[in-house]
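K.L.:
For reference, the structure I am asking about is given below.
The values are calculated or read from the model by the stated rules, or taken from the named source; none is laboratory data. Just so it is clear, the model here is predicted, and its values are computed rather than measured. Note that each Cβ is placed from the backbone with ideal geometry, even for glycine, and that neighbours are counted across all protein chains shown. Quick note on the areas: whole protein, heavy atoms, side chains included, nothing else; ligands and nucleic acids left out. Shrake-Rupley method; radii C 1.70, N 1.55, O 1.52, S 1.80 Å.
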Amino acid sequence: MNRVRLIIFNAALGPLDYKVPDGMTVEHGSVVVAPLGPRQIIGIVWEEDRLPGESVSDSKLRNIIEVLPVPPLRAELRRLIEWTADYYCARLMSVARMVVSSGGALRGPTTMTEYRLTGVEPERMTPQRAVALDALQNEQATIRELADLASVSDGVLRGLVNQGALEPVEVDIDRPYPRARADHEQPDLSDDQRKVADQFVEAVKAREFAPFLLDGVTGSGKTEVYFEPIAAAIRDNRQVLVLLPEIALTEAFLGRFEDRFGAAPVVWHSGQKATERRRAWRAIASGEAQVVVGARSALFLPYANLGLIVVDEAHEISFKQDDGVRYNARDVAVMRARFEKFPIILASATPALESLQMAESGVYQRVELPSRFGGATLPDIATINLTENPPERGRWIAPELVEALEDRLAKGEQSLLFLNRRGYAPLTLCRNCGYRFQCSNCSAWLVEHRFSRRLACHHCGHEEEPPAACPDCGEKDCMVACGPGVERIADEVAEILPDARIAIATSDTLNTREKVADFVAQAEGGAIDVIVGTQLVTKGFHFPELTLVGVIDADLGLEGGDLRAAERTYQQVAQVAGRAGRGSKPGEVFIQTRHPEEPVIAALEAGDRDAFYAAETEARRGAGAPPFGRWAAIIISSEDEAEAREAANAIGGTRPNVKDVMILGPAPAPMAMLRGRYRYRLLINARRSAQIQDVIRGWLDGLDFPRGVRVNVDIDPYSFV
Ligand SMILES: [Zn+2]
Ligand SMILES: [Zn+2]
């Protein structure tokens, strides 16, 4: 090729053509550096005929500067990028950027400096230095990381370097990962599990697209089962991607993986250090990374030789990304398996209705694990009608549940109380004038976090100290907490059971892998009597001594009129109930509700999953909702209220009239302000067969808006705020 068309990472520009200088070799998918005005930009060489662009004569083209030392993106991945951009009405460039998401990795191999102890005593010993010397035995890392490990300042360690007590070591950033061994530990599988595992192993060997829905009750050993096709892929020298919905789940997973395969998998998530990401990226691109465990962003990485994807807890809504490219990793993962021709396993105890429907219609193959492993039984579930048997005044735990908690503590067994609300109280107001503490950037209340003494917005991250006096009327010490969050429930448990050891498990308390590991070790070791947690603890954890689960407010998720409210409530409660009785002792679950007659609550109490799914399916069919109809949202936002409104009206005013497509709005979004931006929304509801993306593109493409206006399209939205 002597001229090429590039996708470039510049939001304002489309694809551009460049000349390939003599002696340079590029191919489709090559990642290159090219000039743009006085600057240099990164681009990806794309098939010219797949990218409409202006044809520029050869004489006007500038030369590509260099080809970066990474493997070219494979054709299958380029097709996936195109499909994703097309389906989600996103820019090709924005999707492609998720592939080359480690800037450092593109620059090729390099080294970095780490430090380790030499055994030399510093001439002058200080208490800080003694702490560091003690903490850093057998450690090797950068100064920053060592300082974190030893909880001392960088300065202390620099001093130790000067004294010769720490020495620098040059390390290859891309040093290889420990190898996982397919036969490290022989699995102990039941006949049911073995049958399913064998089926998956055959699919890996066949190297064909094969989507599976692994539908197994909580505690049925889904992980152990899908470890077998992973082993098959390792034997076959093919890579595996395991997508998990949350980083917190990774910790529990890593331990089990290491037991089975003798080495940890390669981890990928957004919270990693840049050096870890670059090392992982390069190992993934070279094919050296055997098994990658990651959050949804791991899906778009340039695997050299992928042979299997597992999406665990596939029903989880966190697979849907709600900013940037608004894609659903579960659905795109299926497309990736299809383009690259390998099996994919969607594992869940409470599959999404969409996935069940795909199985029903024969697109996915459904495999079931109907019973718990090792003879454990599913827990007994009972509802507590809060209208008839309310908690004491000012409390949130009903007498029946209090009794059950007392009983478990006496027996030395564990309990879990579930409430999907972080902090102490969701709303704080002034006793004197009724003033409500609200976020200055969002249409949202500030949530009191009593332990960290702050008021926080859970939407934009804004935090402030609770003021001594009401900002409105000036009254002192007037703040009243309204409603419970997990911290308040934990306080109540401490009053009821003064001797109980209580742990709060939320994204506030378990925000690093170390803290999660600590929590898991304590819970498994019997050092915790009562866990009070949000949805973070509803899945993935396996605590054999946990025999009681209490759902503080099952109605919480049903408020708000979300399309999936009932399904989500069912999934959350069924998942959290599934934490009970996983060991040899049977489990018991209490669901506190004011609406025991709601179909979803009744189905939970009866343990009748099929009844719930059947009723929900009919409700969705009647409403033209997914999977029977389609939704899309157009969200218009600006820091200027009038500008946002005018843009929304302009879009609303040019709405197309298309058969089978209904357009609602524009109207202020339920979350009318978010992160300082005013928001308007249009909703599109269409028949399944309608070409909704073409309609939206044709509609929006010709429109022009002021610079401050953002127009975002959300195909198959999960969030309706
Ligand atoms: Zn006041
Ligand atoms: Zn906010």
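K.L.:
Checking the structure you have, find out if any residue of region 542-553 is in the same structural domain as ALA404 (by the TED database) and at pLDDT below 85.
P.N.:
Looking for residues that are in the same structural domain as ALA404 (by the TED database) and at pLDDT below 85, one finds at least one in region 542-553, hence yes.
K.L.:
Name the residues in region 141-172 that are crowded, with 17+ Cβ neighbours inside 10 Å, β-branched (Val, Ile, Thr) and touching a strand residue (DSSP E or B) at 6+ places or on another chain (Cβ under 8 Å), would you?
P.N.:
THR142, ILE143
K.L.:
If I filter region 99-107 for residues that are over 28 Å from the mean Cα position of the chain (by Cα), not in a loop (DSSP other than H, G, I, E, B) and not small (Gly, Ala, Ser), do I get at least one hit? If you could, list the steps in order and put the result at the bottom.
P.N.:
If we filter region 99-107 for residues that are over 28 Å from the mean Cα position of the chain (by Cα), which is where we start, we get 107.
Keeping just the survivors that are not in a loop (DSSP other than H, G, I, E, B) gives 107.
Next, only the ones that are not small (Gly, Ala, Ser) stay: 107.
Taking every residue of region 99-107 in turn, at least one turns out to be over 28 Å from the mean Cα position of the chain (by Cα), not in a loop (DSSP other than H, G, I, E, B) and not small (Gly, Ala, Ser).
K.L.:
Which of the residues belonging to region 675-721 are over 30 Å from CYS460 (Cβ atoms) and either part of a loop (DSSP other than H, G, I, E, B) or charged (D, E, K, R) (or both)?
P.N.:
ARG687, ARG688, SER689, ALA690, GLN691, ASP694, ARG697, ASP701, GLY702
K.L.:
In region 378-390, what residues are closer than 19 Å to THR218 by Cβ, open to solvent by less than 60 Å² (accessible area, probe 1.4 Å) and part of a loop (DSSP other than H, G, I, E, B)?
P.N.:
PRO379
K.L.:
Can I ask one more? When region 296-325 is examined, which residues are found to be closer than 16 Å to TYR88 by Cβ, more than 13 Å from the chain's Cα centre (by Cα) and outside any helix (DSSP H, G or I)?
P.N.:
GLY324, VAL325 - these are the residues of region 296-325 that are closer than 16 Å to TYR88 by Cβ, more than 13 Å from the chain's Cα centre (by Cα) and outside any helix (DSSP H, G or I).
K.L.:
Here is a follow-up. What about ARG408, is it within 16 Å of ligand 2 (Cβ to nearest atom) and touching a strand residue (DSSP E or B) at 6+ places or on another chain (Cβ under 8 Å)?
P.N.:
So ARG408 fails the test.
K.L.:
Based on what the data block shows, is ALA625 open to solvent by less than 20 Å² (accessible area, probe 1.4 Å) and of a type in the set (A, V, I, L, M)?
P.N.:
Criteria met by ALA625.
K.L.:
Restricting attention to region 396-435, which residues are outside the structural domain of THR534 (by the TED database) and open to solvent by 50 Å² or more (accessible area, probe 1.4 Å)?
P.N.:
ARG431, ASN432, CYS433, TYR435
K.L.:
Okay, moving on. Can you work out which of the residues in region 449-472 that are within 16 Å of ligand 1 (Cβ to nearest atom) and crowded, with 16+ Cβ neighbours inside 10 Å is nearest to SER637 (Cα to Cα)?
P.N.:
Among those residues, the one meeting the criterion is LEU455.
K.L.:
Could I ask something else about it? Can GLU567 be described as open to solvent by 20 Å² or more (accessible area, probe 1.4 Å) and either touching a residue at least 24 places away in the same chain (Cβ under 8 Å) or not assigned by the TED database to the domain that holds ILE692 (or both)?
P.N.:
No.
K.L.:
For region 369-426, which residues satisfy the criterion of being closer than 21 Å to ARG450 by Cα and among the small types (Gly, Ala, Ser)?
P.N.:
Once the filter is applied, which keeps residues that are closer than 21 Å to ARG450 by Cα and among the small types (Gly, Ala, Ser), region 369-426 yields GLY394, GLY423, ALA425.
K.L.:
I would also like to ask the following. Could you grab me the full set of residues in region 55-81 that are in a loop (DSSP other than H, G, I, E, B) and touching a strand residue (DSSP E or B) at 6+ places or on another chain (Cβ under 8 Å)? Before you say what the answer is, go through the steps one by one.
P.N.:
To start, the set of residues in region 55-81 that are in a loop (DSSP other than H, G, I, E, B) comprises 55-57, 61-62, 64-65, 68-74.
Scanning region 55-81 gives SER55, VAL56, LEU61, ARG62, ILE64, ILE65, LEU68, VAL70, PRO72, LEU73.
K.L.:
Quick one: which residue in VAL240, VAL266 is in contact with a strand residue (DSSP E or B) (Cβ under 6 Å, 6 or more places away or on another chain), farther than 19 Å from LEU346 by Cβ and β-branched (Val, Ile, Thr)?
P.N.:
Checking each option against the conditions leaves just VAL266.
K.L.:
Being exposed (fewer than 14 other Cβ atoms within 10 Å of the Cβ), more than 16 Å from ligand 2 (Cβ to nearest atom) and not assigned by the TED database to the domain that holds LEU149 narrows it down to one of GLU475, GLU514, so name that one.
P.N.:
When all the criteria are applied, what remains is GLU514.
K.L.:
Of everything in region 82-98, what is aliphatic (A, V, I, L, M) and either crowded, with 23+ Cβ neighbours inside 10 Å or in a loop (DSSP other than H, G, I, E, B) (or both)? Give them in sequence order.
P.N.:
ALA90, VAL95, ALA96
K.L.:
Next up: Report whether or not LEU446 is buried (at least 19 other Cβ atoms within 10 Å of the Cβ), within 16 Å of ligand 1 (Cβ to nearest atom), more than 25 Å from ALA554 (Cβ to Cβ) and without any contact (Cβ under 8 Å) to a residue 24 or more places away in the chain.
P.N.:
It is true that LEU446 is buried (at least 19 other Cβ atoms within 10 Å of the Cβ), within 16 Å of ligand 1 (Cβ to nearest atom), more than 25 Å from ALA554 (Cβ to Cβ) and without any contact (Cβ under 8 Å) to a residue 24 or more places away in the chain.
K.L.:
Right, here's the next one. Residues ARG393, ARG372, ARG336, ARG330: which one is surrounded by fewer than 16 Cβ atoms within 10 Å (Cβ to Cβ) and either basic (Lys, Arg) or within 30 Å of ARG620 (Cα to Cα) (or both)?
P.N.:
ARG393
K.L.:
Quick check on this structure: which one of GLU618, GLU639 is at pLDDT 95 or above, charged (D, E, K, R) and farther than 18 Å from ILE715 by Cα?
P.N.:
GLU639
K.L.:
Those residues that are outside any loop (DSSP other than H, G, I, E, B) and either at positive phi or open to solvent by less than 10 Å² (accessible area, probe 1.4 Å) (or both), I need them from region 286-295; list them, please.
P.N.:
VAL291, VAL292, VAL293, GLY294
K.L.:
Further, regarding this structure: Out of curiosity, is TYR435 more than 16 Å from ligand 1 (Cβ to nearest atom), aromatic (Phe, Trp, Tyr), over 30 Å from LEU254 (Cα atoms) and in contact (Cβ under 8 Å) with a residue 12 or more places away in the chain?
P.N.:
No, not satisfied.
K.L.:
When the residues of region 628-653 are filtered to those that are farther than 19 Å from MET358 by Cβ and assigned to a loop (DSSP other than H, G, I, E, B), which remaining residue is most open to solvent (accessible area, probe 1.4 Å)?
P.N.:
So the residue we want is GLU639.
K.L.:
Sticking with this one: Considering (1) within 16 Å of ligand 2 (Cβ to nearest atom); (2) of a type in the set (Phe, Trp, Tyr); (3) in contact with a Gly (Cβ under 8 Å, 6 or more places away or on another chain), say which one TYR680 fails and leave the rest.
P.N.:
Single failed check for TYR680: (1).
K.L.:
Also: What number of residues within region 173-199 are part of a helix (DSSP H, G or I) and surrounded by fewer than 17 Cβ atoms within 10 Å (Cβ to Cβ)?
P.N.:
Final tally of qualifying residues: 4.
K.L.:
Can you name every one of the strands (runs of 3 or more DSSP E) wholly within region 443-521 that holds 1 or more residues which are over 30 Å from ALA410 (Cβ atoms)? Before the answer, list the steps.
P.N.:
Working: elements: 447-449, 454-456, 479-482, 502-505.
Qualifying strands (runs of 3 or more DSSP E): 447-449, 454-456, 479-482.
K.L.:
Residue under question is CYS439, and the condition is that it be over 25 Å from GLU406 (Cβ atoms), within 16 Å of ligand 2 (Cβ to nearest atom) and either of a type in the set (Val, Ile, Thr) or open to solvent by less than 40 Å² (accessible area, probe 1.4 Å) (or both); does it hold?
P.N.:
yes
K.L.:
Could you tell me which of the residues ILE601, ILE636 is in the same structural domain as LEU683 (by the TED database) and either in contact (Cβ under 8 Å) with a residue 40 or more places away in the chain or touching a strand residue (DSSP E or B) at 6+ places or on another chain (Cβ under 7 Å) (or both)? Spell out how you get there, then give the answer.
P.N.:
Values: ILE601 fails: in the same structural domain as LEU683 (by the TED database).
The match here is ILE636.
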